[in-house]
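Peer 1: Okay, handing you the structure first.
The values are calculated or read from the model by the stated rules, or taken from the named source; none is laboratory data. Just so we're clear, the structure is a prediction, and the values are computed from it rather than from any experiment. Glycine gets a Cβ as well: all are built from the backbone with ideal geometry, and neighbour counts include every protein chain shown. Heads up: the accessible areas ignore ligands, DNA and RNA and are worked out on the full protein's heavy atoms, side chains in. Shrake-Rupley method; radii C 1.70, N 1.55, O 1.52, S 1.80 Å.
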Amino acid sequence: MALELSEPRPLGKPIRRKEDARLIRGQGRYLDDIVLPGMLHLALVRSPYAHARIRRIDVQRAAALPGVHLVLTGQDLAAAGLAWMPTLAGDRQMVLAVDKVLFQYQEVAAVVAESRALAEDAAALVEVDYEPLPAVVDPYRALEPGSPILREDRDPPSNRIFHWEAGDRAATEAALARSAVVVRETVRMPRVHPAPLEPCGCIADYQRATGRLTWYVTSQAPHAHRTVLAMVAGIPEHKIRVVSPDVGGGFGNKVPVFPGYVAAIVAAMRLNRPVKWVETRTENLTSTNFARDYHMTVEIGADADGKVTALKVSTIADHGAFDAAADPTRFPAGLFSIVTGSYDFPVAFAEVDGVYTNKAPGGVAYRCSFRVTEASFLIERAMQSLALRLGMDPVALRLKNFIPPEKFPYHSPLGWTYDSGNYRATLERAMERIGYAALRQEQAERRARGELMGIGVSTFTEIVGAGPSHTFDILGIKMFDSCELRVHPTGKVLARLGTRHQGQGHETTFAQVIAEELGLTADDVLVEEGDTDTAPYGLGTYASRSTPTAGAAAAVAARRVRDKARRIAAHLLEVAEDDVEWDGTRFHPAGTPARGVTMAEVALAAYTNPPPGMEPGLEGTVYYDPPNLTFPNGAYLCVVDIDKGTSQVHVRRFVAVDDCGTVINPMVVEGQIHGGLTEGFAIAFLQEIAFDEQGNCLAPNFMEYLVPTAVETPQWETDRTVTPSPHHPIGAKGVGESPNVGSPAAFVNAVIDALAPLGVTHLDIPLYPWKIWEVLHERGVAE
Amino acid sequence: MFPAPFGYVRAESLDEALAVLAREGPGAKILAGGQSLLPMMKLRIAEPALLVDIHRLPALTGWQETAEGLTLGAVVRHSQLERAEALQEFYPLLGRTARWIADPLVRNRGTVAGSLAHADPAGDWGAALLALGASVTLRSLTRTRELPLDAFLVDIFTTALEPDEVLTAIRIPKPAGRPFGTYLKLERKVGDFAVVGVAVNVVLDARHTVVEAGIGLAGVGPRALRAPAAEAALIGHPLESGGIREAAALAAEAADPVSDRRGSRAYKRNVVRVFVERGLKALADESRPEVGVTA
Amino acid sequence: MEIAVTVNGQLRRADVEPRTLLVYLLRETFGLTGTHVGCDTTHCGACTVLLDEVPVKSCTVLAVQADGSSVMTVEGLETDGRLHPLQSAFSDHHGLQCGYCTPGMLMAAWALLRETPHPQPAEIRRALSGNLCRCTGYQNIVEAVADAAQRMAQEVG
């Protein structure tokens, strides 16, 4: 149960969320709730083909429909130099197609009309004459000689976008050659979609008289969006105000800039009227940014006792028609080099080749810190395969290979410095919670009766909080984040941050951080994000970076304010500054706790009675450049039972023990874990954006893209260990993504564990029952 | 997301609805619960020129139970059958099927007759009502005809309904003994159409001999299917494991599924067999006289 | 077409195209934006409202079909400035994160508790299975509904 906002010393307590007051009353203000005077509506015409040349576009019938104000095509945009836009990954993407389309549902034309219904009517009247071309759907085929070149605008012409590698290839290959055991597995993490419940959308409101553009947009990164917009549209940046209102979930979907956004802005500028574009769910799932689509091959070596010796990974990354990932500039494969996970590999090597195919663009980090989910899934699956080969209990294999606590800060063979962790303690906590030994006993008994029961383990390490400026930038902008903090004369606080929450509870959790530092309550601190006119510059909320960066900025800004407050308190208490003590809620003279002043009293003095020579006011602004990333980790154990008749998998239990360092609000953290586990469950068992051979999307809506309901979703059991981050001001790490990063392997490992006696070592996700049945049937054990 | 423009008539009587259909031809469509039609219209897969709304016609609401059987009106909603305790004695399969339709919110709005007329091959009601030996009443301005459901369901999304006809009622014969029925559905998640759906219904006489049997299958053919050979194998015998296994195997043979993203032909057939066997076993357990423990 | 609908106890009239969906009548004509749209195939339940006290997906009901009916939306849950026990319980149990599904969840839960005042967790999960949530994993929602049921029972006393 939540504690009230008036709770003193709120850090670490389950404080009621401030956001709730409006959201439970239906008084949130999401993008589509905003209506501006004279507002028009935009709908997009999309390609039915995955690959086709555009012979002709005829917009006459659409333009003639009463109530239609504008029809835009790629040619119109080309005339303004806007037919293409840059992606955050350094590629470029067509806004409206010119000459040819490269994926089904690609944006071909835009129609602006009095109502959304009318805009859809008119969109249906735009006639496009296509000449279909052979589609390239398989990324391996895309790399074969003779494959059609998809991106004719690229020089040199090639379907390979990039080659990236980390580690020591020669040493790794040599170590594998020397290893007593080498296990090789090909593991696919299919294309999935973040699918927040609120789709993406924007309202562009341009005032020609002043040249000012106010852009309301479902954005996880409003400042970055403003800068990109200034670059794309050539509007001076100070004349752009980006407002990200309440956001109905993001999970990485709302980081990039989409063609619909640019079309709405161009239309608003042409028409001098506000233009709204809100995508449908179908548009969301088919065009605005998928995640994953990694085809990975792993080789893992070990000595006969099960001590790991080397790890080698090769990956084909299917980015679709445009590389629209949102990775930091120097990391085209994100932070995939966390792939050595929680284990002490002496040597490792990883390489990734990015590939163009005739599919929707993307490669976003879906509830994931840039390809960390792919990496974690791979290493945790590989450890399972290795355990099977060695005939070892998968838990024993992990305990043998964990990076020990005394090795932190730990330098991984692929170049990271892990900040802190106690993997053994976390796993042992999980084993205790679930009763691991008894479950293995039960499994043995059930196996003897021919039943299929499995126990899966995943002991993952994440890398979040991008990132230190020496390494991390997006389009050149360093990945710091910020907090601007004002204490008003009555001791109430306004804090603005460069991040933008989408359900994570920043209005509450950052208030807790600040209140704790200032001896106030969370109720005393108003947190604002999402308006670029008022909030300090920051890179936004994704990749579990808010707490490691903006959260740190909030703590440091509050400490700066407190330092000044201490000097004012000394003045009020008429003692030397060194003689002032802070007890968490008051300043008092050393040894005289009865005679103290509160932060509110100090704040009043800052405006009414500052010490002589001191600048009035009580404010602090911090742009926090993290010295390192943070490395949250966890141990997940999963128990499944498989029905031998239908091959349905029942998740009987799931225990998640997370270590995200210092916990700001345990209620919020637990909520994040529940949500992430549920998304991980969906990825393991239900979800895939699949395509047929012609490149037609086979999961364009919620009928085929399966979001679990309350009925399928298992009951989660959570617990934690706390190993603070040594470099974060309050010791916190990010947590929102851990459960989504760590859980898919736990589910799959449980299923494989159940099937292991049949000689099964791997199945590709999603684990639809029929895939399992085919195995049972082949082995003659299906009911 | 927005249907193409259309005209709308709220019929004040069934005759008015039939007159509008006769006048307007195939561009007019009947709107009852709208839970299949409106989603297709929102995606502009369907663009009728005129909707004739019958969802509040008193003549089509509710049901009548007589000595001959049960007659369901055209706008009986799934959720009504889910909650209809009074129907459990003679028509237990109805409530046990209703709870599997779509999701609770759709069940509050969608109608049984609408589902039948939509004729999705994976629709649950086709299977259940075939197992119950149902027939449908089709009315136009000029005639009324009654068709066995088996003749009504023609092919994928295709029925015997003419453009000027309305499906006004569903008739289910009264069982000639004690009925037991259940529905088993393999769905990927709540709200999904059946990967495989199996309705099993048996009627036992006083000596626990099967006197009527109905097995309906969803998702394993171009329309809902009956499994007549399996039904025949059950009749005249008590419900016990040998006969159940035989019926299950025969039902699997009656299934004619295609391989797709929901599973291979062999998989779906096997699920039919497993479900028929499990369903009939459950009915056998239910039908056994209570073995009471007396103090 | 002219229609009259009682919304949260107030009779309201509107002139709508037949194709206007109930959810847009509520959101755009009546300005009740608490009811959301999350999909186009009748799956997500973000648009759930009570139509004559029965929870339905308002994206799959025509506004003209609601003529003469009463509709209750999330905005109608509070009485005299007092939160409904479900609203309080959702906050107390952290049953919401981004809040987009919350109004629909509340309306579906309202209908459940009216019919089943003391639901088991499995019944709650079933009753909410027409409403998708991407944030919470449902567990805290289930706890919130169970707790609200208890509070309502105590209130009735």
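Peer 1: For the range C:128-157, state which residues have at least 50 Å² less accessible area in the presence of all protein chains than in their chain by itself, taking the probe as 1.4 Å and leaving out ligands, DNA and RNA.
Peer 2: Residues losing area: C:SER129, C:LEU132, C:ARG134, C:TYR138, C:GLN139.
Peer 1: Based only on Cα atoms, what mean projected area does the convex hull of the range B:127-261 have, in nm²?
Peer 2: Over every viewing direction, the Cα hull of the range B:127-261 projects on average to 9.5 nm².
Peer 1: What FRET efficiency comes out for the pair A:ASP692/A:THR621, r = Cβ-Cβ distance, R0 = 45 Å, nearest 0.05?
Peer 2: It comes out at approximately 0.25.
Peer 1: Please turn the phi angles of the range A:8-22 into ³J(HN,Hα) values with the Karplus equation 6.51 cos²θ - 1.76 cosθ + 1.60 (θ = phi - 60°), one per residue in order, whole Hz, x for glycine and proline.
Peer 2: Going residue by residue, I get x, 6, x, 4, x, 10, x, 6, 4, 6, 5, 4, 4, 3, 8 Hz, with x marking Gly and Pro.
Peer 1: Further, regarding this structure: When every alpha-carbon pair in the range A:145-237 is counted, what percent end up more than 20 Å apart?
Peer 2: It works out to 71 percent of all Cα pairs.
Peer 1: Could I ask something else about it? Of all alpha-carbon pairs in chain C, indicate the percentage at a distance above 22 angstrom.
Peer 2: Within chain C, distances greater than 22 Å cover 38 percent of Cα pairs.
Peer 1: Just how much of A:PHE654 is accessible, in Å², when a 1.4 Å probe is used and the result is rounded to the nearest 10?
Peer 2: 0
Peer 1: Please compute the Kirkwood hydrodynamic radius of chain A from all pairs of different C-alpha atoms, in Å with one decimal. Show your work: numbers first, answer last.
Peer 2: Numbers: mean 1/r = 0.0363 Å⁻¹.
Computed over chain A, the radius equals 27.6 Å.
Peer 1: Buried accessible area for the C:A pair, summed, 1.4 Å probe, in Å² rounded to 100?
Peer 2: Summing both sides, the interface buries roughly 4200 Å².
Peer 1: While we're looking at this one, here's another question. Taking the alpha carbon gyration tensor of the range B:155-201, what are the square roots of 5 times its eigenvalues, largest first, to the nearest whole Å?
Peer 2: One finds semi-axes of 25, 23, 9 Å for the range B:155-201.
Peer 1: At 1.4 Å probe radius, can you tell me the per residue accessible area of the protein assembly as shown in Å²?
Peer 2: That works out to 33 Å² per residue.
Peer 1: Next up: Under the Karplus relation 6.51 cos²θ - 1.76 cosθ + 1.60, θ = phi - 60°, what is the ordered set of whole-Hz ³J(HN,Hα) values for the range A:508-514, x standing for Gly and Pro?
Peer 2: 9, 5, 6, 4, 5, 4, 5
Peer 1: Accessible area drop of at least 30 Å² (1.4 Å probe, protein heavy atoms): which residues of the range B:23-66 qualify, relative to the chain alone?
Peer 2: Buried on complex formation: B:GLN35, B:LEU38, B:PRO39, B:LYS42, B:LEU43, B:ARG44, B:ARG56.
Peer 1: 7 Å from Cα along Cα→Cβ at both A:ALA444 and A:THR329: what's the point-to-point distance in nm?
Peer 2: 5.9
Peer 1: Moving on to the next point. Using a Cα-Cα cut-off of under 20 Å, which lysines could be cross-linked to A:LYS564, ignoring same-chain neighbours fewer than 8 residues away?
Peer 2: Partners found: A:LYS492.
Peer 1: Collect residues whose amide H, placed 1.01 Å from N in the peptide plane, falls under 5 Å from the amide H of A:LEU475; neighbours closer than 5 in sequence don't count.
Peer 2: A:THR329
Peer 1: Points 7 angstrom from Cα along the Cβ direction at B:GLU246 and A:ALA425: gap in nanometres?
Peer 2: Those two pseudo-labels are separated by 6.8 nm.
Peer 1: Roll a 1.4 Å probe over the protein heavy atoms and report the accessible area of C:CYS47 in Å², nearest 10.
Peer 2: 0
Peer 1: Multiply the residue separation of A:LEU494 and A:GLN715 by 0.36 nm, subtract the distance between their alpha-carbon atoms, and state the gained length in nm to one decimal.
Peer 2: Between A:LEU494 and A:GLN715, full extension yields 75.7 nm more.
Peer 1: While we're here: Can you report the principal axis dimensions of the range C:85-156 using only the alpha carbons, biggest first, rounded to whole angstrom?
Peer 2: Reported extents, whole Å, longest axis first: 33, 22, 17.
Peer 1: Moving on. Compute the length gained on full extension between B:ASP260 and B:GLU89: take 0.36 nm times their separation in residues and subtract their Cα-Cα distance, giving the result in nm to one decimal.
Peer 2: Length gained between B:ASP260 and B:GLU89: 57.7 nm.
Peer 1: If you average 1/r across every pair of different Cα atoms in the range C:2-76 and take the reciprocal, what Kirkwood value do you get, in Å?
Peer 2: When all Cα pairs of the range C:2-76 are included, the Kirkwood radius is 11.9 Å.
Peer 1: Taking R0 as 30 Å, what's the FRET efficiency between A:THR585 and A:MET1 from their Cβ-Cβ distance, rounded to 0.05?
Peer 2: It comes out at approximately 0.80.
Peer 1: Give me the distance in nm between label points sitting 7 Å out from Cα along the Cα-to-Cβ direction at A:GLU778 and C:VAL54, one decimal.
Peer 2: With each label placed 7 Å out from Cα toward Cβ, I get 4.9 nm.
Peer 1: Which lysines have a Cα lying under 30 Å from the Cα of A:LYS307, excluding residues fewer than 8 positions away in the same chain?
Peer 2: Those lysines meeting the cut-off are A:LYS400, A:LYS407, A:LYS733.
Peer 1: Accessible area, 1.4 Å probe, largest first: how do B:SER241, B:SER287 sort?
Peer 2: Final ranking, largest accessible area leading: B:SER241, B:SER287.
Peer 1: Return the equivalent ellipsoid semi-axes of the range B:1-79 as a descending list in whole Å, where each equals the square root of 5 times an eigenvalue of the C-alpha gyration tensor.
Peer 2: 26, 16, 9
Peer 1: Related question: Which aspartates and glutamates does A:LYS312 reach when only Cα atoms under 16 Å apart count, and residues fewer than 8 places away in its own chain are ignored?
Peer 2: A:GLU165, A:ASP168, A:GLU173, A:GLU185, A:GLU299, A:ASP303, A:ASP344, A:GLU351, A:ASP353, A:GLU374, A:GLU380
Peer 1: Determine the residues within the range A:270-288 where the difference in accessible area between the chain on its own and the full set of protein chains amounts to at least 20 Å²; count protein heavy atoms only and use a 1.4 Å probe.
Peer 2: Listed in order, they are A:THR280, A:ARG281, A:THR282.
Peer 1: Considering only DSSP states other than H, G, I, E and B, which trypsin sites (Lys or Arg not before Pro) in the range A:178-267 qualify as loop sites with at most 13 other Cβ atoms within 10 Å?
Peer 2: Passing both the DSSP loop test and the Cβ count: A:ARG208.
Peer 1: Over 18 Å between C-alpha atoms is what I'm after, so list which of A:LYS771/B:LYS281; A:LYS100/A:LYS359; B:LYS185/B:LYS281; A:LYS254/A:LYS276; A:LYS18/A:LYS254 land there.
Peer 2: A:LYS771/B:LYS281; A:LYS18/A:LYS254
Peer 1: Is any residue of the range A:663-704 close enough, with backbone N under 18 Å, to a label point placed 7 angstrom from the Cα of B:ILE45 along the Cα-Cβ axis, and if so, which?
Peer 2: Output list for this probe position: A:690-692, A:696-704.
Peer 1: A further question follows. Take every Cα pair under 8 Å in the range B:141-259 that's 6+ residues apart, average their separations, divide by the length, and report that relative contact order as a whole percent.
Peer 2: Computed value for the range B:141-259: 18 percent relative contact order.
Peer 1: Taking amide H positions as placed in the peptide plane 1.01 Å from N, state which residues far from B:ARG223 in sequence (5 or more) or on other chains have amide H under 5 Å from it.
Peer 2: none
Peer 1: Quote the relative contact order of chain B in percent (integer), defining contacts as alpha-carbon pairs under 8 Å separated by 6+ residues.
Peer 2: Relative contact order here is 15 percent.
Peer 1: What list of ³J(HN,Hα) values in whole Hz, one per residue of the range B:159-174 in order, does the Karplus curve 6.51 cos²θ - 1.76 cosθ + 1.60 (θ = phi - 60°) give from phi, with Gly and Pro shown as x?
Peer 2: Values per residue, Gly and Pro as x: 10, 7, 5, 7, x, 8, 9, 10, 7, 9, 7, 10, 10, 10, x, 6 Hz.
Peer 1: Give me the accessible area buried between chains A and B, both sides summed, with a 1.4 Å probe, in Å² rounded to the nearest 100. Display every interim value, and only then the final one.
Peer 2: Values: alone 27050 and 13910 Å², together 38690 Å².
Looking at A and B, the buried total is near 2300 Å².
Peer 1: Below 8 Å, C-alpha to C-alpha, sequence gap of six or more: please give me the relative contact order for the range C:85-156 in percent.
Peer 2: Over the range C:85-156, the number comes to 51 percent.
Peer 1: Here's something else I'd like to know. Rounded to the nearest 10 Å², what accessible area does A:THR509 show when all protein chains are kept and the probe is 1.4 Å?
Peer 2: Here the accessible area works out near 10 Å².
Peer 1: A further question on this structure: Tell me the carbon and sulfur percent of the accessible area for the protein assembly as shown, rounded to whole percent, probe radius 1.4 Å.
Peer 2: On the way: 20710 of 40350 Å².
Ligands and nucleic acids excluded, carbon and sulfur reach 51 percent.
Peer 1: Can you list residues whose amide H is under 5 Å from A:ASP323's amide H, if they're 5+ apart or on another chain and H is modeled 1.01 Å from N?
Peer 2: A:ARG92
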